[in-house]
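Remarks on the structure that follows.
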Amino acid sequence: MGSILVTGVGGIVGQGIIKCFVDTPHRVVGVDASAAAAGLYAVPKGYLVPLSKDPAFVDRLLEICSTENVRYLFLGLDMELPIIARAAARFRKAGVVPIVSSPAVVDLADDKLETIRFLQSQGLPAPRTSDLSDGYFREFGFPLVLKPRKGGSRSQGLHIIPDEEELRYRLGMIDHTNYVAQEYIEGDEYTCGSITFDGRCMGVMVMRRTLRDGDTHKAFVVRDPVIEAHVRKVAEILQPFGPCNFQLRLRDGIPYIFEINPRCSGGSCIRALAGFNEPLMTLNFLEHGTPPSFEIRPLSIFRYWKEMAVETQTMEEAGRSGSVRNIARIL
């Protein structure tokens, strides 16, 4: 059995994927651009790699895949998705399966206006959304959401606008060519994990959540047939490859999806605790042909800090050599 390579292990998504493989027989290799990335010290072997925008990024990943006998590649950073989606054939030729959707799916999900247009084109409910080129968005009323059209992640750059004064202030600070305005739907937010192969959504798990700095901070498992059926329907139209996350709110009992992330999410490890382990189910399906199997537990899950102690000399050596072996103490 080959190794698993996880990128972006300094962030919550990459670290969440690592956690999903704890207490399994699978060997995980982690990579990140920073020697201060905690995930490098939580796996048997870690490597430093160039930033994803560096032309050497893909070549370096392929080198590590060869050295570490990697069979599967999981991505922990949004900006890596379009790059690896377009380089997927190179990885497959090297015997590595990148867990990434097609460039068309990745590009659609990255563009928040195109995401809404896709949903509308399928006759699916979606919050009214507009670019800032005309005044149509003013018909949405307040509160109003301003967020990046492309390249956004973890709610970075997102603003909830309560009134006209705040709108004028924010419009003076943002890049109008890369922002959209979206009607704000009141109520609880739901994050929904799914797993899809061969055009069929094989599982959905729903959690009501609260956020802190754009990440799930508290999560409550929900069994809602309406949301589950809706997410399944959208996933089978979209046809992502493997894990895909949908974020939505309810209005009058109807799910309104406002964001799609065709990857494992920062909540993957939370769902794993409740019995829905997307990375592990993905691996079992691709490696053994085992259909995703899960039994969701009714849990409330809260996040808290966990410290990791690494000798400064070890981190400095990692920065010089470009690799590290796991000798950290997790407290």
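Only one of the numbered conditions (1) open to solvent by less than 50 Å² (accessible area, probe 1.4 Å); (2) in a strand (DSSP E or B) is not met by I160, and that is (1). For segment 51-61, residues that are out of contact with any Asp or Glu (no Cβ under 9 Å at 6 or more places or on another chain) and open to solvent by 30 Å² or more (accessible area, probe 1.4 Å) total 6.
Evaluate the following for I12: is it open to solvent by less than 40 Å² (accessible area, probe 1.4 Å), touching a strand residue (DSSP E or B) at 6+ places or on another chain (Cβ under 7 Å) and hydrophobic (A, V, I, L, M, F, W, C)? When the stated conditions are applied, I12 does not pass them. Once segment 70-96 is narrowed to residues that are among the hydrophobic types (A, V, I, L, M, F, W, C) and in a helix (DSSP H, G or I), the residue that is most open to solvent (accessible area, probe 1.4 Å) is M79. When A104 is tested against (1) in a helix (DSSP H, G or I); (2) of a type in the set (G, A, S); (3) surrounded by 13 or more Cβ atoms within 10 Å (Cβ to Cβ), just one condition goes unmet, and that condition is (3). Pairs are defined by a Cβ separation below 9 Å, a sequence spacing of at least 6 or placement on different chains, a first member in segment 33-48 that is over 16 Å from Q313 (Cβ atoms), and a second member that is among the aromatic types (F, W, Y) and crowded, with 24+ Cβ neighbours inside 10 Å; no pair meets this definition. Selection of segment 231-261 for residues being over 14 Å from V204 (Cα atoms) and among the small types (G, A, S) yields only G253.
Can you find even one residue in segment 53-66 that is more than 20 Å from G2 (Cα to Cα) and not in a loop (DSSP other than H, G, I, E, B)? Within segment 53-66, one or more residues are more than 20 Å from G2 (Cα to Cα) and not in a loop (DSSP other than H, G, I, E, B). Summed over segment 272-307, the residues that are over 23 Å from F241 (Cα atoms), surrounded by 13 or more Cβ atoms within 10 Å (Cβ to Cβ) and modelled with pLDDT under 95 give a count of 2. Looking at R117, is it within 13 Å of L238 (Cα to Cα) and of a type in the set (K, R)? Judged against the criteria, R117 is a match.
The values are calculated or read from the model by the stated rules, or taken from the named source; none is laboratory data. Treat the numbers as computed from the prediction; the structure is a model and nothing was measured. A quick note on method: Cβ atoms are made from the backbone with ideal geometry, for glycine too, and the neighbour counts reach across all protein chains shown. The area values use the complete protein model at the heavy-atom level, side chains included, leaving out ligands, DNA and RNA. Shrake-Rupley method; radii C 1.70, N 1.55, O 1.52, S 1.80 Å.
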